[in-house]
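The values are calculated or read from the model by the stated rules, or taken from the named source; none is laboratory data. A quick note: this is a predicted structure, and the numbers were derived from the prediction, not measured. Note that we place each Cβ from the backbone using ideal geometry, even for glycine, and neighbour counts take in every protein chain shown.
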Amino acid sequence: MNHTNLKEQNQEIVLAMYPLGVPTADTFQINNIDMPELIEGNVLLKSLYVSVDPGMRGFMAKGDDDAAGNKFKLNEPITSRTVAQIIDSKNDDFKKGDIVHGRFAWQKYQSASVDNIEKVNPELAPISTAVSMLGVPGLAAYFGMLKIGQPKEGDTVVVSGAAGSVGSIASQIARIKGCRVIGIAGSPKKIDYLENDLGLDKGIDYKQTDNMVAAIKAACPDGVDVFFDNVGGELFDAVFANINEHARIAICGQIDDYNKENPPKGPRPMNTLVKKSARMEGFVVYDFKDQFDEAKNQLSDWYNDGKIKYRENLIEGFDNIPSAFISLFSGENIGKQMIKVGDVEDSEK
């Protein structure tokens with residue numbers, strides 16, 4: 001394949017400085033770069049859909065690598081979950097035209113090892129869902145709700161961050177299991193989405209609510225059996241004050257704390273957990289990696305049967321990746337925040 005016409009088109013986005021608080025445009029830098037050389041055994045990828053998630057903020061903190069080596073380094077490309085197309089291959093298992101996903105660099109084109117990439121099955125659902133409903137967000141919702149929350153018919157389930165990519169799926173899974181579902185979100189538009197699009201029993205706009213403890217109690221007169229928490233902070237405290245005996249709490253994310261250098265110390269939960277015989281468990285989706293295929297098949301079945309809806313907040317243009325990431329922390333997006341950076345090419349060309 002002749003790449004000379006692509007040399008001026010390739011770009012990367014690197015971490016320019018460690019952010020203090022919410023990242024800004026100065027946190028990132030866009031560089032023009034040459035096309036990579038494709039070495040034996042690798043594939044040449046064209047990025048199509050780039051995912052941005054609040055949890056990436058933790059990888060931008062100054063300090064040593066975490067145990068998984070996920071820390072982003074200054075002046076090196078940031079990585080995130082991406083759907084890409086193979087436009088050239090020197091690997092027998094992957095051919096030109098294949099759609100794949102994995103954690104790839106924020107680059108328009110890159111050479112990649114095949115060790116950590118997976119093919120996307122376009123028959124399950126649209127290919128972009130490989131990093132949304134059938135990717136980490138959907139899998140986190142599936143395992144957090146079913147394995148940790150263990151909802152039973154008739155339970156009252158509360159989901160914070162319910163209009164986001166994880167919360168919206170988790171809420172709908174609880175509905176499928178016959179639960180009464182209360183979603184917490186932060187705008188009238190999101191509450192409308194939860195109640196009228198997703199069919200939740202009640203949405204609570206925390207930004208318009210003075211006393212969240214009382215609001216949760218009013219919405220959950222029989223108490224809270226399952227709490228799926230994406231937010232933390234004072235919202236956690238308010239829901240936690242209303243848990244039932246034998247409640248199950250799944251800690252999926254804590255976006256309220258991600259940009260705080262000194263997160264406030266809330267109520268210590270241990271005494272209540274003892275008194276209520278309740279269980280609280282944090283998790284990461286890769287705890288369940290051996291069950292990913294089962295989960296993807298079930299989620300796609302629910303989607304194709306009309307039992308699950310998903311929404312992508314799709315932004316166009318490679319240059320807009322940083323602003324799309326920054327806007328996650330203003331709480332405006334509904335569904336999965338994604339950036340479309342390329343179109344699928346005809347593999348026959």
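Here are the numbers:
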{"item": "Matching residues in region 193-243 - criterion: being outside any helix (DSSP H, G or I) and of a type in the set (F, W, Y)", "result": "F227, F228"}
{"item": "Test: residue in region 208-222 that is touching a Leu at 6+ places or on another chain (Cβ under 7 Å) and either farther than 19 Å from D155 by Cβ or touching a residue at least 12 places away in the same chain (Cβ under 8 Å) (or both)", "result": "yes"}
{"item": "Search result, residues across region 314-341 that are buried (at least 19 other Cβ atoms within 10 Å of the Cβ) and under 15 Å from P126 (Cβ atoms)", "result": "G335, K336, M338"}
{"item": "Looking only at region 12-61, and only at residues there that are of a type in the set (D, E) and over 20 Å from the mean Cα position of the chain (by Cα), the one that is surrounded by the most Cβ atoms within 10 Å (Cβ to Cβ)", "result": "E12"}
{"item": "Qualifying residue in region 22-33 (condition: touching a Leu at 6+ places or on another chain (Cβ under 9 Å) and part of a loop (DSSP other than H, G, I, E, B))", "result": "no"}
{"item": "Qualifying residue in region 196-210 (condition: under 25 Å from W302 (Cβ atoms) and touching a Phe, Trp or Tyr at 6+ places or on another chain (Cβ under 7 Å))", "result": "no"}
{"item": "Residue in region 289-298 that is surrounded by fewer than 17 Cβ atoms within 10 Å (Cβ to Cβ), under 29 Å from K62 (Cβ atoms), at pLDDT below 95 and assigned by TED's automatic domain parsing to the domain that holds D205 present", "result": "no"}
{"item": "Inter-residue pairs, beta-carbon under 7 Å, first over 16 Å from N230 (Cα atoms) and in region 249-270, second of a type in the set (A, V, I, L, M) and at pLDDT 65 or above, 6+ apart", "result": "P269/M280"}
{"item": "Exclusive hit being closer than 15 Å to L15 by Cβ and either among the β-branched types (V, I, T) or not assigned by TED's automatic domain parsing to the domain that holds V14 (or both), set V83, V52, V100", "result": "V52"}
{"item": "Unmet criterion (only one of (1) more than 22 Å from the chain's Cα centre (by Cα); (2) in a loop (DSSP other than H, G, I, E, B); (3) buried (at least 24 other Cβ atoms within 10 Å of the Cβ)) for A247", "result": "(2)"}
{"item": "Any chance D319 is of a type in the set (D, E), assigned to a helix (DSSP H, G or I) and over 19 Å from the mean Cα position of the chain (by Cα)", "result": "yes"}
{"item": "Verdict on I184 being surrounded by 24 or more Cβ atoms within 10 Å (Cβ to Cβ), within 22 Å of the chain's Cα centre (by Cα) and part of a strand (DSSP E or B)", "result": "yes"}
{"item": "Evaluation of R57 against (1) at pLDDT below 95; (2) within 19 Å of N31 (Cα to Cα) (one fails), failing number", "result": "(2)"}
{"item": "Qualifying residue in region 161-168 (condition: of a type outside the set (G, A, S), in a helix (DSSP H, G or I) and in the same structural domain as V224 (by TED's automatic domain parsing))", "result": "yes"}
{"item": "For S89: the one exception among (1) closer than 19 Å to K340 by Cα; (2) modelled with pLDDT of 95 or more; (3) buried (at least 19 other Cβ atoms within 10 Å of the Cβ)", "result": "(1)"}
{"item": "Selection within region 303-312 - outside any loop (DSSP other than H, G, I, E, B) and surrounded by 19 or more Cβ atoms within 10 Å (Cβ to Cβ)", "result": "Y303, E312"}
